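Take a look at the structure set out below.
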Amino acid sequence: MITRFFILIFKLRGWKIVGTVPPEIKKAVVIAAPHTSNWDFIYAMAIFSLCKLNVRYLIKKELNFFPLSIVLKNTGAIPVDRTQKTNLTEDVIARFKEADQLFITIAAEGTRKSVEKWRTGFYHAALGAHVPVLPGYLDYKRKEGGFGPPIYLTGNKAEDMAKFKAFYADKRAKYPTLFNIDAVRLG
């Protein structure tokens, strides 16, 4: 229901989808990048809905309050308590192992602010669950969003992250100064 509204905004603003999820992929970590604006959520939800993807996503627990919690629950939110030391990566891996089909979106930057390096959770979750990573993106300059080719992680962080950096190098965030392409690395 709410995603229909998101789709309307997406179409009225002239956005288009580029790239799809290959049909043989039933499980994947989907990166949400660049992530610099709350608009990213609306456009991403429209893309997922138009592509008929049932996507779950990690979101900070602080946003899970009424009435926003209704929208979040209905769009696949998995609230995360960032104040507690939990084993979120292991939880994500377990979700993949239990499911026949699952796409979990993670904002690799971990925030809408500029960062010095990406967070490692998406990488370890995909590697541990033996699922590919789909580079999801929004490019505000071209008014397009979608998915790049799946990246199958090797465990060589430098090589794997070079693939992500090459993919995101020409993507324009809503607020370009908040997306640091040199941050596309793991610490």
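The numbers here are math on the coordinates, done by the rules we state, and not lab data. Model, not experiment: these values are computed from the prediction. Cβ coordinates were reconstructed from backbone atoms using ideal geometry, including for glycine residues, and neighbour counts include every protein chain displayed.
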**Message:** For the chain, what does the helix formula give at 222 nm: sum of -39500 (n - 2.57) over DSSP H segments with n ≥ 4, over the residue count, nearest 500 deg cm²/dmol?
**Reply:** -10000 deg cm²/dmol
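Among Lys26/Lys165; Lys52/Lys117; Lys27/Lys157; Lys117/Lys171; Lys61/Lys143, which pairs are too far apart, with a Cα-Cα distance over 26 Å?
Check vs 26 Å cut-off fails for Lys52/Lys117; Lys61/Lys143.
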**Complete:** Among beta bridges assigned by DSSP with both residues in the chain, the antiparallel ones amount in percent, to the nearest 5, to 20 percent
**Prompt:** How would you rank 126-133, 83-90, 14-21, highest first, on the average number of other Cβ atoms within 10 Å across their residues?
**Reply:** 126-133, 14-21, 83-90
**Request:** For the range 1-73, count all C-alpha to C-alpha pairs, find those more than 16 Å apart, and express that count as a whole percent of the total.
**Result:** 55 percent
**Message:** With θ taken as phi - 60° and the coefficients 6.51, -1.76 and 1.60, list the Karplus ³J(HN,Hα) couplings across the range 93-100 in order, rounded to whole Hz; mark glycine and proline as x.
**Reply:** 4, 4, 4, 5, 5, 7, 9, 7
**Fill in**
For the pair Thr83 and Ile9, the simple spin-label estimate (label points 7 Å beyond Cα toward Cβ) gives in nm 2.8 nm
**Item:** the range 133-148 and the range 1-58: distance between their alpha carbon centers, rounded to Å
**Value:** 9 Å
**Request:** Identify which of Phe65, Phe167, Phe103 has the largest mean-square fluctuation in a Gaussian network model of the chain, with springs joining Cα atoms closer than 10 Å.
**Result:** Phe65
